[in-house]
């Protein structure tokens, strides 16, 4: 999983993408918890370091990420007592998703490694 890069992302399942992010965040020094495939309360990973807990929504999509991903993360922040939330995707986010995220200071990221 560690050796897989951006060229492999589009071929992964959603769960494989989550597992790739688990490895990536671990390599970056975070304590990482991969949530269950169902019943995850809106977060795919919970990462923690000295700055606090962050919930991660991993979206390996063939279409733009919409508002529902942001809505899920806002509830997961409360459930996991997280200070921060991010969406990591191989695609883009809709303007509506970006607008909602900016209102709650949510970050977006595209994996590049």
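So if R0 is 22 Å, what FRET efficiency would residue 84 and residue 7 give, r being the distance between their Cβ atoms, rounded to the nearest 0.05? Kindly include the intermediate steps, with their values, before the conclusion.
Working: r = 29 Å, r/R0 = 1.31.
Working from the Cβ atoms, E equals 0.15.
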In deg cm²/dmol and to the nearest 500, what is the mean residue ellipticity at 222 nm of the chain if only DSSP H runs of at least 4 residues count, each as -39500 (n - 2.57), divided by the residue total? -10500 deg cm²/dmol
Once you have a ≥ b ≥ c as the square roots of the Cα gyration tensor eigenvalues for the chain, tell me rounded if a/c is under 1.5, and otherwise prolate or oblate according to whether a/b is larger than b/c. oblate
Extension gain from residue 31 to residue 16, taking 0.36 nm per residue of separation minus the Cα-Cα distance: 3.5 nm
Connecting C-alpha atoms closer than 10 Å in a GNM of the chain, tell me which of 43, 58, 82 has the biggest fluctuation. 82
Note: residue 102 to residue 62 extended length (0.36 nm per residue) minus current alpha-carbon separation gives 12.1 nm
Extended-chain gain in nm, criterion 0.36 nm per residue less alpha-carbon gap, residue 51 and residue 23: 8.2 nm
Mind running the shape call on segment 1-60? Use the C-alpha gyration tensor, a ≥ b ≥ c as the square roots of the eigenvalues: rounded below 1.5 for a/c, prolate if a/b tops b/c, oblate otherwise. oblate
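Read the figures in this text as sums done on the coordinates, not as results from a lab. What you see is a predicted model; the values in this text were computed from it and never measured. Glycine also receives a Cβ, built like all others from the backbone with ideal geometry; neighbour counts cover every protein chain displayed.
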